[in-house]
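Following: one structure in structure tokens, then a few remarks.
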Amino acid sequence: MEDHLDASKNDLSVSLGEGASRPKGSKKEEKAKQEVKTKVERALAKLHDRDTVNNALSEVIAMAENLTPEQGTILLGAMCKFEDQKNGFARSNVAKLFPMVAQANYSLLQSFTPAKVASSLVKRLKDSDSSVMNTVAESLGELARMVCDKSPAPEPAPPSDAPDEKLDVSALEGGGKSEGPLGAFLKPIFAGMESGDNAMHPGCALALAHVIYNASAKAETHCDKLAKRIGQALDRTQFAGKSNLLIAVANLVEVCPAAVVQHLPSLIPRLAAAAGGSDWNARKSSMEAIETVCTRLAPDVLAGFKATMSEAAEKCRYDKMKPARDAASLTLTAIAKLPAAPTEPP
């Protein structure tokens, strides 16, 4: 019986790892991870001070260049968790770091996944500090450009003649044949635009504008869905980011001129409606969007919209805000160059 108990104890000791040797590389790997974590924390702490921020950025970039994807998870994870409620300067700089790290070592972004980074950044778009919001939106655009540049172009989705049905954002995870590389960015941005939190709307709309512009021709795959989703947001009276969303319209026209033509019957009236709104930023943005339409698209496809666009621009010709007046002046000049609308035969 005693022999049996002794044998059982020995078996239990082995099962608990007593006396078993650790893998040779495990201690070394843990030490390396801890060193990376310590270096990351020290570098990020320097983002708070204007005297040390340049050193912090340089240290993080130099570190990123030599990290393995597994070690990169420590860096990007710490950046995603970084918060400083009292220091907008630091929050802005950590947002700026994401595309810098991806540029230094793209494999780190691939390993951590663009979707995780995009979701983390989108949460910061509600920042009350406009400089932070702007930096986050710019960083999302730069990351979208990198991801698009590294990804093969997917086949464009066939155009839809259906009404502006709600886009299923769950299908925009990224990586599918039709979703393409932008899915990782569009899903969280659209979710923020549709949320009941009005503080999310301006930043998400601005981020969408940056993503569309930086995606360039790759945005054409999503043009049909983007035009419909943007139109739906512009129709919502509670949507708080219309001026920035109108910038997204201008960018969509800029990068997808051929694909956006079929959506002019729904987009032009919405641009015209914004020209008569109470928000002067939206009035200015509507003028800029209409000017982009006039200068980027073929004149023959715009003849039927000339009267609507001209009427909208006239509303802003004598706007009390000079930026809106100046934008209206440029828009009226562009409209004047368009051919007259065809007349009906008697």
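The values are calculated or read from the model by the stated rules, or taken from the named source; none is laboratory data. None of these values were measured; they are calculated from a predicted model. Cβ atoms come from the backbone with ideal geometry, glycine included; neighbour counts cover every protein chain shown.
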- Task: Please state which of the following conditions residue 306 fails to meet, knowing it meets all the rest: (1) surrounded by fewer than 21 Cβ atoms within 10 Å (Cβ to Cβ); (2) of a type in the set (Lys, Arg); (3) in contact with a Lys or Arg (Cβ under 9 Å, 6 or more places away or on another chain).
- Result: (3)
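For residue 131, indicate whether it is polar (S, T, N, Q), at pLDDT 95 or above and surrounded by fewer than 14 Cβ atoms within 10 Å (Cβ to Cβ). It would help to see each step written out before you state the result.
On the way: polar (S, T, N, Q): yes; at pLDDT 95 or above: yes; surrounded by fewer than 14 Cβ atoms within 10 Å (Cβ to Cβ): yes.
It is true that residue 131 is polar (S, T, N, Q), at pLDDT 95 or above and surrounded by fewer than 14 Cβ atoms within 10 Å (Cβ to Cβ).
For (1) under 12 Å from the mean Cα position of the chain (by Cα); (2) closer than 17 Å to residue 266 by Cβ; (3) among the charged types (D, E, K, R); (4) in a loop (DSSP other than H, G, I, E, B), each residue gets a yes or a no:
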residue	(1), (2), (3), (4)
189	yes, no, no, no
192	yes, no, no, no
211	yes, no, no, no
218	no, no, yes, no
223	no, yes, no, no
226	no, yes, no, no
229	no, yes, yes, no
240	no, no, no, yes
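The rows are residues; the columns are (1) closer than 24 Å to residue 257 by Cα; (2) within 26 Å of the chain's Cα centre (by Cα); (3) of a type in the set (D, E, K, R); (4) not in a helix (DSSP H, G or I).
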position	(1), (2), (3), (4)
270	yes, yes, yes, no
285	yes, yes, no, no
306	yes, no, yes, no
312	yes, no, no, no
315	no, no, yes, no
320	no, no, yes, yes
328	yes, no, no, no
334	yes, no, no, no
- Query: If you check 262, 232, 238, which single one turns out to be polar (S, T, N, Q) and farther than 26 Å from residue 195 by Cβ?
  - Reply: 262
